[in-house]
1. For the stretch 112-208, what relative contact order do you get, as a whole percent, if you take Cα pairs closer than 8 Å and at least 6 residues apart?
2. Looking at the calculated P(r) for the stretch 35-157, what percent of the C-alpha pair distances fall above 25 Å?
3. Which whole-number percent is the relative contact order of the chain (Cα, under 8 Å, 6+ apart)?
4. Taking springs between alpha-carbon atoms closer than 10 angstrom, which of Gly21, Gly150, Gly116 fluctuates most in the Gaussian network model of the chain?
5. Taking only protein heavy atoms and a 1.4 Å probe, what accessible area per residue, in Å², does the chain have with all protein chains in place?
6. Convert 4 °C to kelvin, take the viscosity as 1.567 mPa s, use the Kirkwood radius over C-alpha pairs of the chain as Rh, and evaluate the Stokes-Einstein diffusion coefficient in µm²/s, rounded to a whole number.
7. For Leu42 and Thr205, calculate 0.36 nm times their separation in residues minus their Cα-Cα distance, and state this gained length in nm to one decimal.
8. Let me know the Rg and Dmax you get for the stretch 160-208 when you use only its Cα atoms, in Å.
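The values are calculated or read from the model by the stated rules, or taken from the named source; none is laboratory data. Remember, predicted model here, so these are calculated numbers, not experimental data. No Cβ is skipped: glycine too gets one built from the backbone with ideal geometry, and neighbour counts run over all protein chains shown. The area values use the complete protein model at the heavy-atom level, side chains included, leaving out ligands, DNA and RNA. Shrake-Rupley method; radii C 1.70, N 1.55, O 1.52, S 1.80 Å.
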Amino acid sequence: MCVGHSMDQFKELKCIYLLHGFASAPKFPSDKADALEKVFKLPVRQLAYDSSATFADNFEKLKAQITVFPQYFVGTSLGAFYASKLSELLYDEHAAETIMLNPCHNPYEMLAYEVGEHTNFVTAECFTFSQEALDSYQSVPFIDESKSVGRWVLINMDDELIDSRDTKKLYDSKLAVITFEHGGHRFKNISDNEVAKELLRIENTFCL
(Lines give C-alpha, C1' and ligand atoms only; values in the text may rest on other atoms or scores of the structure.)
Protein backbone atom coordinates (compact mmCIF):
# COMPACT_ATOMS: atom_id res chain seq x y z
CA MET A 1 0.00 0.00 0.00
CA CYS A 2 2.72 2.47 0.97
CA VAL A 3 4.75 2.25 -2.19
CA GLY A 4 8.33 3.51 -1.89
CA HIS A 5 8.29 3.96 1.88
CA SER A 6 8.94 1.78 4.89
CA MET A 7 6.26 1.82 7.59
CA ASP A 8 8.45 4.06 9.80
CA GLN A 9 8.87 6.55 6.96
CA PHE A 10 5.16 6.37 6.28
CA LYS A 11 4.41 7.49 9.82
CA GLU A 12 6.74 10.47 9.56
CA LEU A 13 5.07 11.92 6.48
CA LYS A 14 1.68 13.63 6.55
CA CYS A 15 -0.64 15.08 3.95
CA ILE A 16 -4.24 15.67 2.94
CA TYR A 17 -5.66 13.50 0.20
CA LEU A 18 -8.28 15.29 -1.90
CA LEU A 19 -10.76 13.36 -4.06
CA HIS A 20 -12.84 14.87 -6.86
CA GLY A 21 -16.44 14.11 -7.73
CA PHE A 22 -18.11 12.24 -10.57
CA ALA A 23 -17.12 13.36 -14.10
CA SER A 24 -14.24 15.37 -12.72
CA ALA A 25 -10.47 15.03 -12.23
CA PRO A 26 -7.60 16.57 -10.27
CA LYS A 27 -7.45 20.27 -11.02
CA PHE A 28 -4.46 22.60 -10.95
CA PRO A 29 -4.74 25.17 -9.52
CA SER A 30 -7.45 24.04 -7.12
CA ASP A 31 -9.48 26.31 -4.84
CA LYS A 32 -10.18 23.37 -2.55
CA ALA A 33 -6.52 22.39 -2.28
CA ASP A 34 -5.49 25.99 -1.60
CA ALA A 35 -8.15 26.42 1.10
CA LEU A 36 -7.23 23.15 2.82
CA GLU A 37 -3.50 23.93 2.78
CA LYS A 38 -4.19 27.36 4.26
CA VAL A 39 -6.18 25.97 7.20
CA PHE A 40 -4.36 22.73 7.97
CA LYS A 41 -0.80 23.75 6.99
CA LEU A 42 -0.33 20.41 5.23
CA PRO A 43 0.39 19.56 1.60
CA VAL A 44 -2.59 18.42 -0.46
CA ARG A 45 -2.29 15.50 -2.84
CA GLN A 46 -5.10 15.03 -5.31
CA LEU A 47 -6.16 11.44 -5.99
CA ALA A 48 -7.56 10.40 -9.37
CA TYR A 49 -10.10 7.78 -10.29
CA ASP A 50 -12.03 6.92 -13.45
CA SER A 51 -15.70 7.85 -13.33
CA SER A 52 -16.45 5.18 -15.96
CA ALA A 53 -14.83 2.36 -13.98
CA THR A 54 -16.29 0.00 -11.39
CA PHE A 55 -15.97 0.63 -7.68
CA ALA A 56 -13.48 -2.23 -7.25
CA ASP A 57 -11.21 -1.02 -10.05
CA ASN A 58 -11.27 2.54 -8.76
CA PHE A 59 -10.61 1.48 -5.19
CA GLU A 60 -7.51 -0.45 -6.23
CA LYS A 61 -6.30 2.52 -8.27
CA LEU A 62 -6.82 4.87 -5.33
CA LYS A 63 -5.07 2.59 -2.85
CA ALA A 64 -2.01 2.50 -5.10
CA GLN A 65 -1.77 6.29 -4.92
CA ILE A 66 -1.54 6.41 -1.10
CA THR A 67 2.18 6.76 -0.41
CA VAL A 68 2.32 9.01 2.66
CA PHE A 69 0.41 9.31 5.92
CA PRO A 70 -3.14 10.61 5.31
CA GLN A 71 -3.96 12.90 8.21
CA TYR A 72 -7.13 13.85 6.34
CA PHE A 73 -9.14 12.45 3.47
CA VAL A 74 -11.31 15.13 1.89
CA GLY A 75 -13.76 14.29 -0.86
CA THR A 76 -16.55 16.01 -2.75
CA SER A 77 -19.68 14.12 -3.83
CA LEU A 78 -18.61 10.69 -5.15
CA GLY A 79 -15.10 11.53 -3.94
CA ALA A 80 -16.55 11.72 -0.43
CA PHE A 81 -17.82 8.15 -0.82
CA TYR A 82 -14.32 6.98 -1.75
CA ALA A 83 -12.79 9.05 1.05
CA SER A 84 -14.98 7.20 3.54
CA LYS A 85 -13.93 3.80 2.22
CA LEU A 86 -10.22 4.71 2.16
CA SER A 87 -10.31 5.92 5.75
CA GLU A 88 -11.86 2.59 6.77
CA LEU A 89 -9.14 0.72 4.89
CA LEU A 90 -6.43 2.43 6.94
CA TYR A 91 -8.38 2.30 10.21
CA ASP A 92 -6.28 -0.47 11.78
CA GLU A 93 -2.97 1.23 10.94
CA HIS A 94 -3.50 4.97 11.21
CA ALA A 95 -6.07 7.44 12.48
CA ALA A 96 -7.20 9.78 9.70
CA GLU A 97 -10.10 12.20 9.77
CA THR A 98 -12.51 12.10 6.85
CA ILE A 99 -14.12 15.33 5.66
CA MET A 100 -16.97 14.70 3.23
CA LEU A 101 -18.36 17.61 1.21
CA ASN A 102 -21.91 17.13 -0.11
CA PRO A 103 -21.35 13.36 -0.09
CA CYS A 104 -22.83 11.03 -2.67
CA HIS A 105 -23.69 8.59 0.10
CA ASN A 106 -25.61 6.11 -2.05
CA PRO A 107 -24.02 6.03 -5.53
CA TYR A 108 -26.17 3.11 -6.69
CA GLU A 109 -29.30 5.25 -6.30
CA MET A 110 -27.87 8.71 -6.83
CA LEU A 111 -25.98 7.91 -10.05
CA ALA A 112 -28.73 5.81 -11.62
CA TYR A 113 -29.77 8.69 -13.87
CA GLU A 114 -26.13 9.19 -14.96
CA VAL A 115 -25.91 5.95 -16.96
CA GLY A 116 -24.90 7.04 -20.45
CA GLU A 117 -22.47 9.39 -22.17
CA HIS A 118 -20.62 12.20 -20.38
CA THR A 119 -17.88 14.76 -20.80
CA ASN A 120 -15.39 15.26 -17.98
CA PHE A 121 -15.70 18.93 -17.06
CA VAL A 122 -11.98 19.21 -16.16
CA THR A 123 -10.30 17.20 -18.94
CA ALA A 124 -13.07 17.60 -21.57
CA GLU A 125 -12.71 13.88 -22.36
CA CYS A 126 -15.81 11.88 -23.28
CA PHE A 127 -16.64 8.72 -21.33
CA THR A 128 -19.45 6.24 -20.81
CA PHE A 129 -20.90 5.44 -17.41
CA SER A 130 -22.29 1.94 -17.86
CA GLN A 131 -24.94 -0.04 -16.01
CA GLU A 132 -22.14 -2.40 -14.96
CA ALA A 133 -20.25 0.47 -13.33
CA LEU A 134 -23.41 1.61 -11.56
CA ASP A 135 -24.22 -1.92 -10.34
CA SER A 136 -20.74 -2.21 -8.80
CA TYR A 137 -21.76 0.25 -6.08
CA GLN A 138 -24.92 -1.64 -5.09
CA SER A 139 -23.47 -3.66 -2.21
CA VAL A 140 -20.91 -1.13 -0.96
CA PRO A 141 -22.06 0.76 2.16
CA PHE A 142 -21.18 4.42 2.65
CA ILE A 143 -19.91 3.79 6.18
CA ASP A 144 -18.88 0.76 8.20
CA GLU A 145 -20.20 1.64 11.65
CA SER A 146 -17.91 -0.96 13.26
CA LYS A 147 -14.97 1.35 12.57
CA SER A 148 -14.94 4.55 14.59
CA VAL A 149 -13.25 6.68 11.95
CA GLY A 150 -13.49 10.41 12.55
CA ARG A 151 -16.01 11.59 9.97
CA TRP A 152 -17.30 15.07 9.26
CA VAL A 153 -20.08 15.78 6.79
CA LEU A 154 -20.20 19.30 5.40
CA ILE A 155 -23.37 20.14 3.49
CA ASN A 156 -24.43 23.12 1.43
CA MET A 157 -28.16 23.44 1.81
CA ASP A 158 -28.49 24.83 -1.72
CA ASP A 159 -26.90 21.72 -3.28
CA GLU A 160 -28.54 21.46 -6.68
CA LEU A 161 -27.70 17.78 -7.29
CA ILE A 162 -28.04 15.97 -3.95
CA ASP A 163 -30.91 16.50 -1.53
CA SER A 164 -29.09 18.20 1.35
CA ARG A 165 -32.02 17.89 3.72
CA ASP A 166 -32.16 14.16 3.13
CA THR A 167 -28.41 13.84 3.80
CA LYS A 168 -28.77 15.84 7.01
CA LYS A 169 -31.72 13.75 8.16
CA LEU A 170 -29.90 10.47 7.46
CA TYR A 171 -26.62 11.30 9.21
CA ASP A 172 -27.30 14.05 11.75
CA SER A 173 -27.53 11.50 14.58
CA LYS A 174 -24.65 9.32 13.36
CA LEU A 175 -21.92 11.66 12.17
CA ALA A 176 -20.70 15.18 12.80
CA VAL A 177 -22.77 17.24 10.34
CA ILE A 178 -22.13 20.90 9.56
CA THR A 179 -24.37 22.91 7.24
CA PHE A 180 -23.94 26.08 5.21
CA GLU A 181 -26.62 28.01 3.37
CA HIS A 182 -24.83 28.66 0.09
CA GLY A 183 -22.06 27.16 -2.04
CA GLY A 184 -23.79 24.64 -4.27
CA HIS A 185 -22.86 21.05 -5.00
CA ARG A 186 -19.26 21.75 -5.94
CA PHE A 187 -18.67 23.57 -2.65
CA LYS A 188 -17.65 26.86 -4.24
CA ASN A 189 -17.69 28.38 -0.74
CA ILE A 190 -14.68 26.33 0.38
CA SER A 191 -12.59 29.52 0.76
CA ASP A 192 -15.22 31.42 2.77
CA ASN A 193 -14.41 32.42 6.32
CA GLU A 194 -17.32 30.45 7.79
CA VAL A 195 -16.03 27.25 6.17
CA ALA A 196 -12.45 27.95 7.24
CA LYS A 197 -13.70 28.42 10.81
CA GLU A 198 -15.34 24.99 10.80
CA LEU A 199 -12.30 23.33 9.23
CA LEU A 200 -10.16 24.84 11.97
CA ARG A 201 -12.58 23.44 14.54
CA ILE A 202 -12.17 20.01 12.97
CA GLU A 203 -8.40 20.37 13.22
CA ASN A 204 -8.61 21.34 16.88
CA THR A 205 -10.88 18.38 17.62
CA PHE A 206 -8.56 16.00 15.81
CA CYS A 207 -5.55 17.25 17.79
CA LEU A 208 -7.18 16.72 21.20
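1. In percent, rounded to a whole number, it is 19.
2. For the stretch 35-157, the fraction of Cα-Cα distances above 25 Å is 24 percent.
3. Here the relative contact order equals 21 percent.
4. Maximum fluctuation in the GNM of the chain, among the listed residues, is at Gly116.
5. 49 Å²
6. Answer, rounded: 75 µm²/s.
7. My answer for the length gained is 57.0 nm.
8. Here Rg and the maximum Cα pair distance are 12.1, 35 Å.
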